[in-house]
Every structure is written in structure tokens, then in C-alpha cells.
There are 2 protein chains.
Amino acid sequence: MNYKELLLHPSSRPFIRQARFGIEREGQRVDFSGQLAKTDHPKRFGDRAHHPYIQTDFSETQIELITPVTDSVKELFQYLEAIYEVASRSIAEDEMIWPLSMPPVLPEKDEDIMIAKLSNFEDVLYRRYLAKEYGKRKQMVSGIHFNFEFGNDLLQVWFAQQTEFTEFTEFKTELYLKTARNFLRYRWLITYLYGASPLSEENYFVDKPAPAEPVRSIRNSSFGYTNHPNVKVSYSSMERYLSDIERMVEEGKLSEEKEFYTPIRFRGGKRVADLSESGVQYIELRNIDLNPYARVGINEEQVEFLHLFLMYMLWIDQETAVDEWVAEGELRNEQVSLEKPFEQTAFYDEGRNLLQGMKEMLVALEEIESLPLMDELLNRMDDPHETLAGKIYQEVQQSGQHEFALSLAKTYEAKSHERPYQLAGFRDMELSTQIFLFDAIQQGIQVKVLDEADQFLRLQHQEHIEYVKNANMTSKDSYVVPLIMENKTVTKKVLKEAGFRVPEGAEFTSMEEAITAYSRFAKQAFVIKPKSTNYGLGITIFKEGAALADYKAGLAIAFREDDSVLVEEFMPGTEYRFFVIDGKVKAILLRVPANVVGDGKRTVEELVAEKNLDPLRGSHHRAPLELIQLGELEQLMLKEQGLTVSAVPEKGQIVYLRENSNISTGGDSIDVTDEFSDHYKKIAQSAVEALGAKISGIDLIIPDKEVDPETNEKAYGIIEANFNPAMHMHVYPFAGKGRRLTMNVLELLYPEVVNSSINNEN
Amino acid sequence: MNYKELLLHPSSRPFIRQARFGIEREGQRVDFSGQLAKTDHPKRFGDRAHHPYIQTDFSETQIELITPVTDSVKELFQYLEAIYEVASRSIAEDEMIWPLSMPPVLPEKDEDIMIAKLSNFEDVLYRRYLAKEYGKRKQMVSGIHFNFEFGNDLLQVWFAQQTEFTEFTEFKTELYLKTARNFLRYRWLITYLYGASPLSEENYFVDKPAPAEPVRSIRNSSFGYTNHPNVKVSYSSMERYLSDIERMVEEGKLSEEKEFYTPIRFRGGKRVADLSESGVQYIELRNIDLNPYARVGINEEQVEFLHLFLMYMLWIDQETAVDEWVAEGELRNEQVSLEKPFEQTAFYDEGRNLLQGMKEMLVALEEIESLPLMDELLNRMDDPHETLAGKIYQEVQQSGQHEFALSLAKTYEAKSHERPYQLAGFRDMELSTQIFLFDAIQQGIQVKVLDEADQFLRLQHQEHIEYVKNANMTSKDSYVVPLIMENKTVTKKVLKEAGFRVPEGAEFTSMEEAITAYSRFAKQAFVIKPKSTNYGLGITIFKEGAALADYKAGLAIAFREDDSVLVEEFMPGTEYRFFVIDGKVKAILLRVPANVVGDGKRTVEELVAEKNLDPLRGSHHRAPLELIQLGELEQLMLKEQGLTVSAVPEKGQIVYLRENSNISTGGDSIDVTDEFSDHYKKIAQSAVEALGAKISGIDLIIPDKEVDPETNEKAYGIIEANFNPAMHMHVYPFAGKGRRLTMNVLELLYPEVVNSSINNEN
């Protein structure tokens, strides 16, 4: 088979970079002094045996982050960043994730290294066996597993161009076998460039032979976590490979097939033996050290390189003496792993030739945008200081590896907590959706973004699929509910019929019609508004009734915005947003116009600047609160109060900078959930029920919340029910307790997984 | 109590016309010769005992139409017209509704008059008693029952202005008692103006005393359907009224309280006796003859007059000698009823004074828009020919009453069937909603229009409430379903994941991004389209692939319409709309561009004119098909075929006048449901299920519907699923069988009431 020809075939062109990726990243939980965490894996992740994203590896402290399979590098890192951030924010507040492959200083006593407390006893037994066979300490090393699959269209096109194989699965198996053989032969180059475990910490090599540190990669050397030397498997054919592994197990050299720690694994069915049936579906590279300069342990450059490297392993020839070929690779990798970090590698020429060959392949395939990366890597061939091991060793010489790692861990920890309302990887989405994604990942519900700009998610747990838009539009509400809420007249009719107090009024579709109703409203407080617009446009409020001429003027303004106009009783009082989920008020929010409180010393301008320092404030809806402006409108508002931006308000004086209470114009969100008795909560709950909704933000006007609505029929009025209510302002309010509504929605969708009363405690 | 003062009080002004109305209208079913129908009440109305709109009165042939209580005269007639039209279209095709109060020629034998076959045996027994007591023939007379209630705000305002009563119910009871006494005293005026039963037909007065016909109103005279003369009840107080009725029943003069046939009934609780507890809620006038000049038996003028007349009964003084006062009214009404139709009434002066007094009241209340009606009625005092009885008698003299009535019945029958896709009273709503309303009324599901312009309905059967918009948006679909369908990318992802064939492609948000994907599409048939627009704007199709420059041009056009652009595989074939309801394909429609078929004789213009005669064609979406135009686009299309509007196409030649197949531009809708085998139906059903929808119109491209999709993976492609699919085009297609989808939706909502397999048979 001439794979080079397949790669070069014109029909491959559209799909040449098509591939699927997946990453598993391990990392030790440590405290702020860099000692192994003494706590258990956090309960809030639920059942880790089934968690798709966050599990534990060998030890209880060794967290494992797992991305789903993705079709692009971009998506791969979106998930990896997000999962990392969820994990780092969900572990105990005084813990963080160790950024190195080599573990921190380990406890002196073996028993202080906790084996992962998995619920499946077989899994525990296997770990106990490993501890006995290899020693607990060796198992504490962490790394990246990189799963890779050539794209299906690409494979299909290749398959169509060849005649050697009639079965697609056989074709794929042979293709990945070749990739693997060459990979094993040349993987030393990866160790050279990205090896990142030059030193060990105390209590790692206890009673075991240790390398003469520093080196390029302890983890990739024979001092790392490898099988005993008597484990030998041939890559000459799939049959041979499988029968060798089987034999190793039979002979007791391996306890089971998964104990075979090859740097590249073939993946197909559930068990290794299934490969003979299913063929190879993808390959798993296991030789990548954690890159401490990347928060998540690996960066996009590395993935790009690995992708092209694997493609090149297909491009170049292979030796027919397979076992010798692979054995030569083993030797070279061992040698490179144990070279000193600053030392030029013994295989410098072969390395340069590989990178030059990759450049030629890229040119031939017209994939020239990756040429600069190849040139960069060629430089690193010449300058070992620029390799990962080289860079780390330089820093370690100054501060010591422990300090180096601790400092990085703290930096990453701080970054994770900087904007807790955002989620790395998905920062272009709406805040409510980012928070919702966070919760779904934390709870182990599989999430996929179907449309980023449209905030459209697909969730899955086992067979249970849900689609969610804007974090609040779900299958739990019926189609007709938002349509009812969208129509103010219909909403009022439904609520009124169910016995709730809504503004009395009428809808008109012409001036004439509306004018005949003048006498109904003339002497009361009333409001004229367009039926369907929502941004305050076209609204006129008459708090003392109105003369006919003013009534007409108000109508004219409203009719400019819509063909239908509502004239309604005006209800005085304070507006509260009641957020109801599944029949319960989960949060009550008061919105207050942009304001500052004087201290008798600072000017308005200074007070605004200080208030704007709050990390909850930002711009363009990227934070739960917006920065307070001092523009024309705000200055006008100050002027009306006899103030300017340089006035110094008295101590305790509240200076409002806006009339409207919108959060988007700098208003404050204040959680007042606990200030309300059950009376009003029940009203909100029943009203939402009358509208048939499971999730709604319903706005009540309440003149005095101490008044019992059962004794006073004008104690409240319902002015609107919202079918797409913002959630983030409740989760991260300006003042008062945050209410994790996203978790409540998740529980509504997945009661079999989520228990918000546990999860919201934290 | 000075009611005049209450009426005049300024606080009454805004509510002075506020009232609630309800009408019951009886009518005999007859065949086209005017003989009583021999069929049973149609089964498709379901259980008539619980039908809110369409029941039977005394005889099986006597249909009774019942409006709900409405707040306006407009709404009252909307319902009455609609219910009439539903009834007249739902009875057998060779039957119609007799337009007179007096029945048509009755069968000679008593046993040929069928007592209504009600399911409740007590109801049947009661009718048997009536037949025995009064004779079957007398019971065959029909009329209008007019239910009236002063508006609640108006009553509350009045109540607040007076001090005599402390209980609101007592206040109301006294108010309606006064209204009733004066009504009974002056009701002769109604008989004079609107009496409309001058003659009887054969076999009505068999073995009974008969009046010397013609008169003003047989029905309102003692020859009509009245109690025996020994039934006397006092209106002096509610206690007296109730105890008198009780006594009549005890003495056996009435079999039960409902046998008391007063021209005005007090209504409150379920039984008459409940009135002492509940007070009077409303009154029921029973003295209105069917107005044959109104299809529904009464017109808006009459309702306006009755409203003002009842108001006036409150306005004027009452005699303290109540029983004599009422007795005087009885005498006068009997006298007027039996006057000859053209004769000036004996109470001319009192009549003029009443109408003049009403004018004065109207002026005092500033309700001057009703003055012209009063002047018109004053004219009728002078000219008895202009009264209803006078007008009827004039016509009857020429043609005979039977012919007169038969001719009117046929006119009304034709009108009911003229546009079966519309529903009187609701013609401003969308056709699908009109048809849906028709079905709901027919099936006895209570309907209320919450918002006419928004096609928003509220349905109710017993405690079961449903809201419906556009006749297809219901509680059965979930909120997230239309959101999925609205987003083409998400729809495709969901369908593809579920294993359906959708156009392969990608979404781009920038030119640059889209251009990099050029090689993926360059050589295949593909289409570029904006993601979210729906009207064909910005779409470019490349059936043979495209050069890069053309690809870029197509992108530029699409990006003008939307920020997101889809580039997709183009699927050749015919597009079919599969309409799926509750997991089943209920209709498949093919849409064909506007066209005519030549006959070798007529010009294109003549062929179009003839095709446009189809009553299914109309304009502005008021008919299921649109008129074919011969505008610029059509003429251009002709020109491309080498034709003009005056060309004469050959016999059988199909001339297309449009490229697009939209119904809105004159296209034909062709039902092809039965032409499809189950293969494609199952695909459509499963695809809609995968999207989670209960109601959807899903569009499949099928190159050849004879190809089995299980053997050919390119046999179909799904291009769109619609969450607001038009229904009327399936119910009334241009060709093929109509599919009553509205009934299927109704069954989905109310399986406890509707069985579409029975109802759609008809």
C-alpha cells in the first residue's frame, strides 16, 4: 500500500485535515503548600464511575479530566479548558491542581497515598494490585492521553482509491498499524520536544532505582511508569499483537490486557480482544508529559504537531522488519528521555530530517499554513533550551521545582476564580448558558453546543437526551406557554380568569376605538403602551389621570410603535422579579437604578470609579452587572438633583444616576428571596402554574411587601411573565445571596442525576 | 329606589352600555321540499346532552343553537353566526334550517313528530308529559331566548351610589324585579315591532282553537305555547314569586318549575328555588319570534333595541299595584299579538310615548348614537307594513308562507356552503383557525378567541383547558421543539444524529471561513443560503458545482441577508410536505407552480380566467388557493417559453406561469397522501419523532417516490421541518382528497371528546 499516493490523491484534498480528537488529562489535587490533598474526591461530582468528564485515576487525589471526542482542535480545547475550570472551581477552596507530570513531594508513609475510592470493587482491587506490583509512588505520575482518529470522509476517500483491501475495517486496521509502527520508531522526537519531567520530588524514588537527574522525561523513560521488561508485544500484524497480549496475560506477566502500558494503544471495541472484530477505530498516544506552561497541560501547537506527525508516520516508508524497527525506536526514546535537558540530542540529524520531511509533505499537500510551526521546531532542534524540558530546567535551577510548580498552580487557580460567572472555552456564549454549562459538566451530564450563537445545547445522560436554549428554554415547557406570555393581552386574560390581579384595561387597534374608551380611564392612574414592544418605547404613564388631549397624545405615541395599543390601570409600587422553577419560587430579585452611596469625602466620579472595580461589573453583557456610565443621561439625572460628577455627596446619601432600573444600564441586582414570606411566593407560583409554565420569571408590583395579600386585594399586581428570563443576575447578584437557578433547571431536566439541594449548598 | 338617578350618576357613565348577552335560537330541520327532516340529530355533534352550542329542543328535528355569554353584541353575533353555520353545514346535505317561528307543514300523524332522542331518560319523560299536556304540535314552534345581564362594573357603581340595600345580591334582585315588571307591562311593543308569526301552516292547529289569522304573532298570543290560564304568579316580590311557583307545582298545575312559561325568566342558581339564595344573576326574555330576514333569527338592531328597552324599564316609574300592572301588560300583549299585521296598533299613543321616552333617556345619558334607531322605530309605529309581521305578510300574500320560508331557507343554506373554508363571525382570522373553530364548535368544545389578530384560542371541555395558536401551536409540543426547527443547523444536526439523510454542509459566519471550505463543495451540486431567512432571498443554487469566483459571489449574496450562511449539498427531486400529527402522517401535499392546461382553443388569459373561477381561489389568504396573476413575472415566464397571454396552448399542454411552487403566488396544492407507500411515511414520522414534535409539516425531497428508501440511501433528503405549518391547504386542496387536519389536532388535544376517524368520514 502506498499511503503517500493516497494522501496526495486530489480527492483527499477537501478532507486532508479532517480528524477527531480527545484528551484525558490527569493531575494531582494539592493544598496551597503543594502537599497532596487529604480530602476525598468532591461529592458534588456525583457518581465518578459514570462521570464523562471528571474522574479519578490511580489515587483519590489524582483527578482525571476527559474531553468528549471532537471534530476540531478548537472544540477540543473548548472542552478541555471548560472541564479544567469546572474541576478547579469545584474542588475544595484550599486546593488546586498540580501542573506537573511528576507528583509533588509524596507522603513518607505508603498508606497516606489513598487509592481512589471507587464504587466498583473490581476497580479498587485492580489499583491495589498495581500498587503491589509497581509501588504506589510510581502510579502518582500524571500525563496526557491523546486520542486520535483520521476523519471518516478522509478514510472513505482513501479506501475508495485503493484495491488491496475489500473490507473497510481491515483497511483502517492496517493503516493504524503502520502509523503505530512508525510512531514507535520515531516518538523520541516528541520526547525531545515536549518531554517535561526532568526532576522528581522527594519520596518518589523510594527503594527504587532512580535516574541521574536532571533528564528530559523521567515519565517517558524506563524509570517512569512502564511494564516490566519481560512484557514484549509484536506490532507485525493485528493477529500477532492480540495473541501476544493474550499470552502475556496467560503467562501472568500482565494481570489483564489493560495493564499493557504501551505508548500507543489501539482502540476499538470495549476490550482489546474486540479489535479483531471491530478493527481499529482510533489510536491513543500515552507518551505526552503535562506541559506546565499550559493550564490544561497541553496546548494547540502540540496537538497540531501530533496531528501532522501522525500523518507523516503514514506518509513515510516503514521497515519490513517490524519488531526490530519498533525495538530501535524504544532504544532511541529511552536514550533521549534520559539525556540532560540542555544537551543536544544524539539523534539530531534524524530529528532534523523528520521535521524537514514533514515540511515537504506539507508543501506537497498544500497545507502551508503549518510551515512556520515546523521552522520553529527546527529551531528547537538546535536549541535544547527552547524545548519544554529545557525551559523548565532553566526555571527550576533558580527557584526549585517545587516553588516553580506551586507558583504556576496558584496562577492557574487564580485565573479559574477570576470570573466565576464565565466558563473558559465558552466565553462567547451568554452568561446564563456559561453557568448552565458549568453545572452540567460538574454534574456529569454530557453537553454539546449545537449552535453557539443561538445558545443551543444538547444534553445527554445515558439514553436521556434534552435540548436547551438560553439555559431556560426546555422540553419541560409547552409550545403554547411562551406564546401566551409573548402576548400581553392573552397573558392578562389567562391570569385574570384564574383569579389573579392584573392591570385592568383594554386593547385597541385604532385611535377612534381608543378615544371612545377615554371616560373609562380619564380620572385614574393609567398607562398607555404598545402591545408588543418591550424596551419601554412608546409608553406614557399618567399617574393622576389625563385630559383628553393628553390621552390622545399618549395614544399617538404608542400607535407609532405598534398597531395594537393597551390602555391599562397604572399600579404603583415596587417591581420584583420572582423566578419560578417547577412550581417553586427559587429567587426574588429587586432591581435598583444605577447609583452610588456618598461617604462625605469622595466625588460622584470617584464613587462610580470605585463601584466599577467590582469584578461582577463588566461591559457588553460579559459580566452579571454592567459598568456604571457617566454619560449624558447620567449627568442630566445628576443635574436634576442639583449635582455634578465632581459633587461630593453626604455620607449615606444615595445618588441615583438613572431613572430606569435595568441592569444593562448599571443598575444593581439585589437578591431579596429570604425577605419575603410565603404569601407572595405562593401567588407567584400559582400564577406561573395558571400560565402552564415550568420556568418563568414573573414580575409583581408590590406597594408594601409586609402587607398580607390575603387581606388586601390591591396588595399586588402581576404586570408580566417572562418566557426567557435572565438567570445570571440571580446567580451573581450585586447584593444578597446568589441563587444557582441553572442547577435547578438541570435538576428539572435530570432529576435522576441532579439534587440541587446538595449541590447548591456548596 | 330612584333608578333614574343611578343611571344618570356620572360614575355610571363609563359603564352605561356594559352588559352581557346570550342567545338561544331554535329551528326545525327540514328537507329541500320544506318537510320536517326524517333523520336523527347528526351523530357528529357527539353527546348533545353536554354540547354547549348545538342541542335539540322538544323534537328530534328541532335544533337549538346556544351562544356562550358574551360581553359585547359584536361577539354575540360572531358566535351566533358561527354556530349557525356549523349547524347548517353539519346536518345532512339535503337538509336545512327552517327560518320561521311557526313550523312548516307538520305530519298528519302525531307519531311522525319525533320527540328528541335524549340520552337522559328524565328529559324524555318530561317531553312526553309536555306532548300529552299541550299536544306535540304546539311544541314545534321555535323562537329566540335572549339572556341579558347588566355589566358588573355598572351594577357595582349603582350599588355604591345607593343606601337602601346593604347586600349586593338583594340590590340586584330588586333591580331585575323592577325591570321585569315594567317589561311585562310594556312588552307588547316588542310584539308590535318584532312579532313575526302571522300565519300557521297545515296540521298545526289540529283539534285546537285557532286564531283568526293573519295576526302579528301567533307565538306570543294565547294561541302560542303558553301555560294553562290557571297558572298565575305574582311579581310583587321574589319571595312571593318563588312561593307562587312552588304552590303551582304542589297543586299539580305545573309538573315542575321549569314548565312555567313566562315571557321573562329570572336566572340565578341551577333551580328556580335557588334564586332566594343566589339572587337574580340575569334575565331571560322568551318572547322573541324568529326574524326570518336574519339568517340566525335575530339581528343586531333588535339586540340594541332590547338592551335599551330593558334599560328604559329601569329608568321609568313602576306602579305599586304590581299584579294589576303586570296583568294589564298581559292583556295588551294578547291584544297586540292578535291584531292584523297591517293594522295600526290600539296602543299607538303609548308606543310613541315609550319610544319618545327612550330618546329622552338616551339624550340624558349622552348615548346619542342610538337616536336614529329610535326614529326608525317611531316610523314603524306609523307604518305597520314596516314591522316584521307586516313585511312578512306582504310577501306571504304573493307567494304563500311555505314558499316564502322555503326560498329564504335555501338562500341561507347556499350562503352557508358558499365558502366552506371560512367561518362566519371569524372571517378576519386565518383560514386554518377558522376551520379549527368550526370543528371545535361542531364537536362541542367550548372556544373563546383570546386574541383575534394573534389567532389565539382558549378551548375548554369540562375542566380540561387548552390554549391554541394558529390552530397548530399547542401544549402537546414542547417549548424547545419550535426552537430546534427554527434553527436550520440544529435541525440538521438532530436529524443527522438520528440517522436521517439531510443535506451535508456547513455553517459559516464569515466570508473568509466559507472560502477556506471551497474545495469541499467545488465539484458537486450545492446551494448557498442565509441561515435564518425563509422567503427564498439570498439563495444561490449551483447544480454543476461552481468556480471559486461564482462561489464567492453566491456567498456575498447570502451574507447580505444574514450573518450566518449555510453551504449545503443540493438535493435534486420533488419536494413533498408531509404533515405529521401525533406520530402519524395525516396528509402529503405536492405543490405545483401556477399553471394552466391548454385545450387547443382558449388563450392563456382565458384559461387563467376560467381557472380563477374556482371558489377555492381568492386573494389575501382568504381562500385556500390564490388567484393566478398575469403580472410582470408571469409574462416573463411565458416569454421564456415563447408564449404570450394571448397564445393558445395545445390541448394537454401544461403552461407554467411561475417558477416557484408557492400557493401564495397561484400555485396548485395536490393531495397525494394515498399515492405513497408506508416507507416514506415512516421516515417522516420517525424524523418528526426525533425532533420531539407532535405536530409538524416536514419537507422531503424525493427524486422518485417509487424507489424503496431502504434499498437506496439517496432516495430522500429532509430539507426542513416546520413548526407552524399551514393546514388549510391540506383541508381544501386544489386536487385530491381533503384531509381534515384540524380535527386531528382537536383529537390530539381532546381524545376524550373527539374521534376523528368517525368525524372525518363525513
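The values are calculated or read from the model by the stated rules, or taken from the named source; none is laboratory data. Owing to the predicted nature of the structure, the values given are computational and were not obtained by experimental measurement. Virtual Cβ from ideal backbone geometry, glycine too; neighbours counted across all protein chains shown.
Cβ separations smaller than 7 Å between residues 6+ apart or across chains give the following pairs from the range B:706-727 residues that are away from every other protein chain (no Cβ under 14 Å) and more than 30 Å from B:Glu430 (Cα to Cα) to residues that are in a loop (DSSP other than H, G, I, E, B) and of a type in the set (Lys, Arg): B:Tyr716/B:Arg501; B:Gly717/B:Arg501. Could you say whether any residue in the range B:11-34 is aromatic (Phe, Trp, Tyr) and surrounded by 24 or more Cβ atoms within 10 Å (Cβ to Cβ)? Yes - at least one qualifying residue is present in the range B:11-34. Among the residues of the range A:108-125, the ones that are within 15 Å of A:Lys38 (Cβ to Cβ), under 30 Å from the mean Cα position of the chain (by Cα) and not in a loop (DSSP other than H, G, I, E, B) come to 1 in all. With the structure loaded, tell me whether B:Ala547 is hydrophobic (A, V, I, L, M, F, W, C) and within 14 Å of chain A (Cβ to nearest Cβ) or whether it fails that test. Criteria not met by B:Ala547. Of everything listed in (1) away from every other protein chain (no Cβ under 14 Å); (2) under 30 Å from A:Asn152 (Cα atoms); (3) in contact with a strand residue (DSSP E or B) (Cβ under 6 Å, 6 or more places away or on another chain); (4) of a type outside the set (Phe, Trp, Tyr), the single unmet condition for A:Glu95 is (2). Among the residues of the range B:489-514, those identified as in a helix (DSSP H, G or I), within 13 Å of chain A (Cβ to nearest Cβ) and either among the hydrophobic types (A, V, I, L, M, F, W, C) or on the phi > 0 side of the Ramachandran plot (or both) are B:Val490, B:Val494, B:Leu495. Looking only at residues in the range A:230-242 that are buried (at least 16 other Cβ atoms within 10 Å of the Cβ) and modelled with pLDDT of 90 or more, the one that is farthest from A:Glu319 (Cα to Cα) is A:Leu242. Taking the stated definitions as given, is B:Tyr261 in contact with a Ser or Thr (Cβ under 7 Å, 6 or more places away or on another chain) and either assigned to a helix (DSSP H, G or I) or buried (at least 17 other Cβ atoms within 10 Å of the Cβ) (or both)? In short, no. Identify, please: which residue in the range B:454-475 is assigned to a loop (DSSP other than H, G, I, E, B) and within 7 Å of another protein chain (Cβ to nearest Cβ) and is, among those, nearest to the chain's Cα centre (by Cα)? Filtering first and then ranking leaves B:Asp454. Condition first: touching a helix residue (DSSP H, G or I) at 6+ places or on another chain (Cβ under 8 Å), among the β-branched types (Val, Ile, Thr), surrounded by fewer than 22 Cβ atoms within 10 Å (Cβ to Cβ) and within 14 Å of chain B (Cβ to nearest Cβ). Can you find one or more residues in the range A:57-69 that meet it? No: the range A:57-69 contains no residue that is touching a helix residue (DSSP H, G or I) at 6+ places or on another chain (Cβ under 8 Å), among the β-branched types (Val, Ile, Thr), surrounded by fewer than 22 Cβ atoms within 10 Å (Cβ to Cβ) and within 14 Å of chain B (Cβ to nearest Cβ). For the range B:478-491, the criterion of being of a type in the set (S, T, N, Q), in contact with a Gly (Cβ under 8 Å, 6 or more places away or on another chain) and within 26 Å of B:Gln455 (Cβ to Cβ) is satisfied by at least one residue.
Residue check: is A:Ile392 part of a helix (DSSP H, G or I), within 14 Å of chain B (Cβ to nearest Cβ), touching a residue at least 12 places away in the same chain (Cβ under 8 Å) and more than 16 Å from the chain's Cα centre (by Cα)? Spelling it out, it is not the case that A:Ile392 is part of a helix (DSSP H, G or I), within 14 Å of chain B (Cβ to nearest Cβ), touching a residue at least 12 places away in the same chain (Cβ under 8 Å) and more than 16 Å from the chain's Cα centre (by Cα). Among helices (runs of 4 or more DSSP H) entirely within the range B:268-351, having at least 1 residues that are out of contact with any Lys or Arg (no Cβ under 9 Å at 6 or more places or on another chain) and at pLDDT 95 or above singles out B:300-315, B:322-337.
Of the residues making up the range A:590-625, those that are without any contact (Cβ under 8 Å) to a residue 24 or more places away in the chain, part of a loop (DSSP other than H, G, I, E, B) and of a type in the set (A, V, I, L, M, F, W, C) number 1.
Restricting B:Leu65, B:Leu80 to residues that are assigned by the TED database to the domain that holds B:Gly297, in a strand (DSSP E or B) and within 30 Å of B:Asn299 (Cβ to Cβ) narrows the list to B:Leu65.
Criterion first (more than 14 Å from every other protein chain (Cβ to nearest Cβ) and within 30 Å of B:Asn724 (Cβ to Cβ)) does B:Leu437 satisfy it? In short, yes. Taken across the range B:433-444, residues that are farther than 24 Å from B:Met729 by Cβ, out of contact with any Asp or Glu (no Cβ under 6 Å at 6 or more places or on another chain) and at pLDDT 95 or above do occur, with at least one present. Step by step: first the residues of the range B:1-42, then only those that are of a type in the set (S, T, N, Q) and more than 10 Å from B:Leu154 (Cβ to Cβ), then the one that is nearest to the other protein chains (Cβ to nearest Cβ). Which residue is that? Filtering first and then ranking leaves B:Asn2.
The condition of being in contact with a Ser or Thr (Cβ under 6 Å, 6 or more places away or on another chain), surrounded by fewer than 16 Cβ atoms within 10 Å (Cβ to Cβ), farther than 30 Å from A:Ala364 by Cβ and acidic (Asp, Glu) does not hold for A:Asp274. Within the range B:662-689, restricting attention to residues that are of a type in the set (Gly, Ala, Ser) and crowded, with 19+ Cβ neighbours inside 10 Å, the residue that is farthest from the chain's Cα centre (by Cα) is B:Ala687. Which residue is surrounded by the most Cβ atoms within 10 Å (Cβ to Cβ), if the candidates are limited to the range B:206-222 and must be hydrophobic (A, V, I, L, M, F, W, C) and closer than 14 Å to B:Thr191 by Cα? This residue is B:Ile218. For the range B:573-589, the count of residues that are in a loop (DSSP other than H, G, I, E, B), in contact with a Ser or Thr (Cβ under 6 Å, 6 or more places away or on another chain) and surrounded by 16 or more Cβ atoms within 10 Å (Cβ to Cβ) is zero. Does B:Ser197 count as within 35 Å of the chain's Cα centre (by Cα) and among the small types (Gly, Ala, Ser)? Criteria met by B:Ser197. Does the range A:541-559 include one or more residues that are over 17 Å from A:Ala687 (Cβ atoms), outside the structural domain of A:Glu713 (by the TED database), within 43 Å of the chain's Cα centre (by Cα) and assigned to a loop (DSSP other than H, G, I, E, B)? No, the conditions are met nowhere in the range A:541-559.
Only a single criterion out of (1) farther than 30 Å from A:Glu710 by Cβ; (2) assigned to a helix (DSSP H, G or I) is not satisfied by A:Arg520, namely (1).
Do we have B:Val449 as within 12 Å of another protein chain (Cβ to nearest Cβ), in a helix (DSSP H, G or I) and aliphatic (A, V, I, L, M) here? No.
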